[in-house]
1. Please go through the stretch 157-199 and give me each residue that is assigned to a loop (DSSP other than H, G, I, E, B) and either free of Cβ contacts under 8 Å to residues at least 40 places away in the same chain or over 25 Å from Gln86 (Cα atoms) (or both), ordered by number.
2. Out of the residues in the stretch 44-75 that are touching a helix residue (DSSP H, G or I) at 6+ places or on another chain (Cβ under 8 Å) and of a type in the set (Gly, Ala, Ser), which is surrounded by the most Cβ atoms within 10 Å (Cβ to Cβ)?
3. Residues that are touching a Phe, Trp or Tyr at 6+ places or on another chain (Cβ under 7 Å), without any contact (Cβ under 8 Å) to a residue 60 or more places away in the chain and within 21 Å of Trp178 (Cβ to Cβ), at least 1 per element: which helices (runs of 4 or more DSSP H) completely within the stretch 223-311 meet that?
4. Give all pairs with beta carbons closer than 7 Å in which a residue from the stretch 22-41 that is within 14 Å of Arg107 (Cα to Cα) and modelled with pLDDT under 50 meets a residue that is assigned to a loop (DSSP other than H, G, I, E, B) and not basic (Lys, Arg); count only pairs at least 6 apart in sequence or on separate chains.
5. Val238: closer than 30 Å to Val158 by Cα, modelled with pLDDT of 95 or more and among the aliphatic types (A, V, I, L, M), yes or no?
Amino acid sequence: MKPASDLSNFSDGLATSGGPGALNIDGAPSRLRDFYELTKPRMNFLVVCTMAVGYSMAPHHGHWATLLHAIVGTAMTAAAASVLNQLVEREYDALMPRTRNRPLPGRRVLPGEALAWGASLGVLGVTYLMLLVNLPTALLGAFTLASYVWVYTPMKRVSSLNTIVGAVPGAIPSMMGWTAVTGTIGPEALALFGIMFLWQMPHFLAIAILYARDYAVGGFKMLPVIDPGLRLTSRMIVLYGIALLPMTLMPVGIGMVGSVYLAGATLMGLAFFSYCVSCAVSKDRVDARKLFFASIIYLPLLFGLMMIDKT
C-alpha cells in the first residue's frame, strides 16, 4: 500500500556511490535497521499523511482515537506492501546500482525472514483496521496490499501500463481516511482518490526518466525505458498534468471546500502544469528533476489548503 512512485529512489543509491565498501561507513547495518528499512518508512510517511488528509476532510463524528488507530493500521499495511514488494523484486534489485545494497539483495535479510515479516505486518495491519477502525477501511487496506503486491509488482516487468495500475493502490489511502470516519465511499472520497491518482502520474514519470537506465538494467518496463526518445512519455506527462487541474477543483463543486481553496488550487495547478510542460518540451533530466521536486512541494500545499478551507 503505497504510491506507485518510490520517494526513496533518491536515497537508495547513495550508499552504493562509494563502491562495495560504502555500506561500512557507519559500521555494519544492524539487523533491526535492516528490517526497519524494508518497510520504507520515508515513502510510507506519505501514505499515512494522505490517509490523514482523507480523515480530516470527512464530516466529523469520529474521535482522535479513530485517527490514531487508522494511522497504525495503515502504516502496518503499507509497510507490509513495501516488504513483500522487495521480496518479489530482490533478484532484480540486485542488478540496479541504486537498489543492490537493500537488505534482501545485500543478503543481510533472508527471503524467508522477509516473507514472515511482511506477511505478519499485512495480517496485523488489516486485522487492526477491521477491529479498531471499521470493516470498509480494512477491506480497502486489504485490496490495496493485494493489488500492489500481486498485480502492480509483477506487471512492472510486463507492461508500461504498470504505472497506471500502481497509481490505484497509491491513491486508496486517502479514501481510507474518509471511510475511517464515515464508513462509506462517497463523491468526496472519490475526489480525493482522483487527485492522488492523477498526481502520481507526472510525479512517477519524472522519476522514471531520472532512473530509466536502472530500470532497463533491472528489466522493468517503465514508459521511458520502452520510449527512449520520450515522445510518448512527454505527451503523457502533459495529459495527466492537464487532467489533474480540473480534478483538484472537484472538491469545490461538491462543497468540500470554499473560494480560498479554489483560487489557491487554480494558481498552484497552473504552476505545477508549467513544470510538466517544461519537462515534456525539453525531455531533459534537469527538467525531470525539477518536475519531481515541484510535485512533492505541490501535493502537501494543495492538501494543506484543502484542510484549511474545509467547509
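1. Leu161, Gly183, Thr184, Ile185, Gly186
2. Applying the filter and picking the extreme gives Ala70.
3. Helices (runs of 4 or more DSSP H) meeting the threshold: 231-253, 285-308.
4. Matching pairs, first to second residue: Leu23/Pro29; Leu23/Asn101.
5. So Val238 passes the test.
The values are calculated or read from the model by the stated rules, or taken from the named source; none is laboratory data. What you are looking at is a predicted structure, and each value in this text was computed from that prediction instead of being measured. Methodologically, a virtual Cβ is constructed for each residue, glycine included, from the backbone with ideal geometry; neighbour enumeration extends over all protein chains shown.
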